[in-house]
Amino acid sequence: MNIKKSLLISSAVIQLFSVFYISCKSEIYYTQEKLRNETISDVRSECLDFIFNNNTLGKTTISIKRSEWNKLCDNYRYFYKNENCVHAENYKYEKDGKCWSIPNVGFRLRGNTSRFCPQGIDNGREQEQMNASWSEEYYNYAEKKNNDYRQSHFKVDFEEFLEEGEDCKMSGCLKGVALKRMDASCTREVFCYDLFHRYGIWTAPRASYTRLIFRIIEDNKDNIVTTVNYGVYEMFEEVNKQSLKARALDDANSSDNAWKNDKGNLWKCQNDLTDSSGNGMGVEKIEIVFDENGKRTGKINESYGMDLKTNKDKLDPAKEELMAFISELNALSETDIDGIREFYSKRMDVDFFIKTIAVSVLMGMDDDYWGNGNNFCLYFDTGKKGSGKVYYIPYDYDNTLGGSIHEGGFKNNPLEWGMGENRPLIDKLLCVPEYKQKYIDYLLDLSAENSEWNAQKCVDRFKKWQSMVIPYLFSKDLDYHIGVSGIWDGTWQPANYHVASYNDNIYDATRKSFTEWLKDY
């Protein structure tokens, strides 16, 4: 039995150890994993750009004991929405010659209507999970006795099991990562976040590709490891306190409209921002309750349409601030153009907000604020150093580019993009003639032939990324009732267009559609 040489660690790295066993080809090896936490730069944004470089494929390896893996699955079957972390022995990420190895991390499932049990029987329908009405075939299979592994969405938290006051941030900028199984094109969300940044929307998250390997340590079998290949996943940056810091003015964000204070209130929103919004504000708590012996004794399901993500110990003043914004917005009369103009110029960077919405519509996103009252954050850059502005932050862009679950897609009128519901944040905005014209101008400019929406550029980008992930996409270890084992680049809304083909591509079709809809403006 050979002992592997210890990894070299920089002098700045905390000496934290985790001892566990791994196996390879049925042989058992002993290794001592040390915390390896390389820093690319002193600037958070530069570290993030390296970690989330989407031109190369990373590799993520998560080591976890079978007892903890089974607990993860059993927790799902007890209360599928739970956000309880189980303990993983080690998280390792390898990218472009760099390696981060972090022991003793929190690990859990994530996702809303797309959460599934990663192994064995899935009783989500029995728990009235929304997936049941969409995935009859899946549940007909998964509700029966099985031991299959399948793709789910995961989250890793590096600080879950640290003592109070301790921290462990990957490269000084990430306290955890989200791992998301991909859509059928294997590129939609990565493409959208990339396009946001190409158009200067620095508020958008970053995303890249990673292989995902689980090493499940069989507690009762001499610590032999079962290695399970989960194929290729999207790794993305969650919108949280760390992402706020990486986008602040003093962290290499040279944008004129960068927020000045990174300690303001951040809200994750599934809400239309009408006057009734005040009934759905709070700090989410969705978890299983355990007794002192580790037995499940109950569940807590406190969810809110407006979920406070920062300053959670100061909920009341945060709610007052948010309600003041919402009340002022809804009090605006659509005939009071001067009043609307004054509100947006004072409360938001209106040009940046209009551009953000225009890019979102360009990509066919209808599961956002305007469409489904969903998938956006609001950040209040307030406090002594703050600008006083409110920032709209987009996220969750897999249902885009003709892959919509509603009526999105480039054939809809971009001036009537939403679901016909009350959306005051946009409805009031478009009442102002110059704001409406700015939105139209952005749509035409962003979709122009010589823009980043050029079909040649976009198709080439898709093809490059797809060719990078294809060799690692399919895994014989997985059941594919759920997950992606191959690439389909077509569209649903409308059908017969493509994201990675020069013929019948959605880029030219979108440009033509916008030109037709907006020809009278």
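The values are calculated or read from the model by the stated rules, or taken from the named source; none is laboratory data. All values derive from a computational prediction rather than experimental measurement. Reconstructed Cβ throughout: ideal geometry from the backbone, glycine too, with neighbour counts over all protein chains shown. Remember, those area values only see protein heavy atoms, side chains included, never the ligands or the DNA or RNA. Shrake-Rupley method; radii C 1.70, N 1.55, O 1.52, S 1.80 Å.
Note on exposure: His153, His197 ranked by accessible area (1.4 Å probe, complete protein assembly) read His197, His153, with the most exposed listed first. Comparing region 197-244 with the 2.2 N^0.38 Å rule of thumb, its C-alpha radius of gyration ratio is 1.81 (two decimals).
When only Cα pairs under 8 Å and 6 or more residues apart are kept, what is the percent relative contact order across the chain?
Details: 1045 pairs, mean separation 74.6, N = 521.
Answer for the chain is 14 percent.
Grab the other residues whose beta carbon is less than 10 angstrom from that of Gly282, score K and R as +1, D and E as -1, and report the net. Counting the neighbours of Gly282, the net charge comes to 0. Dividing the convex hull volume of the alpha carbon atoms of region 470-519 by its residue count gives 99 Å³ per residue. Normalized C-alpha radius of gyration of region 331-420, against 2.2 N^0.38 Å? Dividing the Cα Rg of region 331-420 by 2.2 N^0.38 Å gives 1.21.
Pairs from the list Lys71/Lys295; Lys59/Lys463; Lys268/Lys312; Lys268/Lys411; Lys175/Lys241 with a Cα-Cα gap above 18 Å: Lys59/Lys463; Lys268/Lys411. Principal axis extents of the Cα atoms in region 260-404, from largest to smallest and rounded to whole angstrom, are 62, 43, 29. Its Cα centre serving as origin, region 212-350 has a Cβ charge dipole (Lys and Arg +1, Asp and Glu -1) of approximately 400 debye. Note that region 259-275 has calculated 3J(HN,Hα) couplings of 5, 8, 10, 9, 10, x, 8, 10, 10, 8, 10, 10, 7, 8, 6, 8, 4 Hz, one per residue in order, obtained from phi through the Karplus relation 6.51 cos²θ - 1.76 cosθ + 1.60 (θ = phi - 60°); glycine and proline are x. Within the full protein context, the accessible area of Lys464 is estimated at about 100 Å² for a probe radius of 1.4 Å.
For Glu334, the amide hydrogen comes within under 5 Å of no other amide hydrogen, counting only partners 5 or more places away or on other chains and with H modelled in the peptide plane.
The order of Phe462, Phe352, Phe290 by accessible area, most exposed first and with a 1.4 Å probe, is Phe290, Phe352, Phe462.
Overall, the chain carries a charge dipole of about 1540 debye about its Cα centre when +1 sits on the Cβ of Lys and Arg and -1 on the Cβ of Asp and Glu, all other atoms neutral. Principal axis analysis of the Cα atoms in region 213-316 yields extents of 58, 38, 25 Å, listed in decreasing size. The helix-only estimate of mean residue ellipticity at 222 nm for the chain, built from DSSP H runs of length n ≥ 4 each weighted as -39500 (n - 2.57), is -8000 deg cm²/dmol after division by the residue total. Over the chain, accessible surface divided per residue gives 43 Å², non-protein components excluded, 1.4 Å probe.
Using a 1.4 angstrom probe on the protein heavy atoms only, line up Trp134, Trp100 by accessible area, largest first. Don't skip to the answer; put the middle values down first.
Values: Trp134 150, Trp100 0 Å².
From most accessible down to least: Trp134, Trp100.
Note: relative contact order over region 108-196, using C-alpha pairs below 8 Å and six or more positions apart, is 27 percent. Coupling constants for region 201-214 follow from the phi torsions by the Karplus curve (6.51 cos²θ - 1.76 cosθ + 1.60, θ = phi - 60°), and in residue order they are 8, 6, 6, 5, x, 9, 8, 8, 10, 8, 6, 10, 10, 10 Hz; glycine and proline get x.
Quick one: net charge of Ser451's neighbours, Cβ under 15 Å, K/R +1, D/E -1? Please report the intermediate quantities before stating the final value.
Working: positive: Arg198, Lys355, Lys457, Arg461, Arg511, Lys512; negative: Asp194, Asp441, Asp445, Glu449, Glu452, Asp460, Asp508.
With Lys, Arg at +1 and Asp, Glu at -1, the neighbours total -1.
Net charge in the neighbourhood of Met323 (other residues with Cβ under 12 Å of its Cβ; Lys, Arg +1, Asp, Glu -1) is -4.
In square nanometres, what is the average projected area of the Cα convex hull of region 295-350?
Numbers: hull surface 24.4 nm².
Dividing the Cα hull surface by four gives the mean projection, 6.1 nm².
For the chain, carbon and sulfur atoms together expose 45% of the accessible surface, with a 1.4 angstrom probe and every protein chain in place. Entry note: the chain has Rg to Rh equal to 0.96, where both radii use alpha-carbon atoms and Rh is the Kirkwood radius. Look at the alpha carbon pairs under 8 Å that are at least 6 residues apart: their mean separation over the length of region 54-142 gives a relative contact order of 26 percent.
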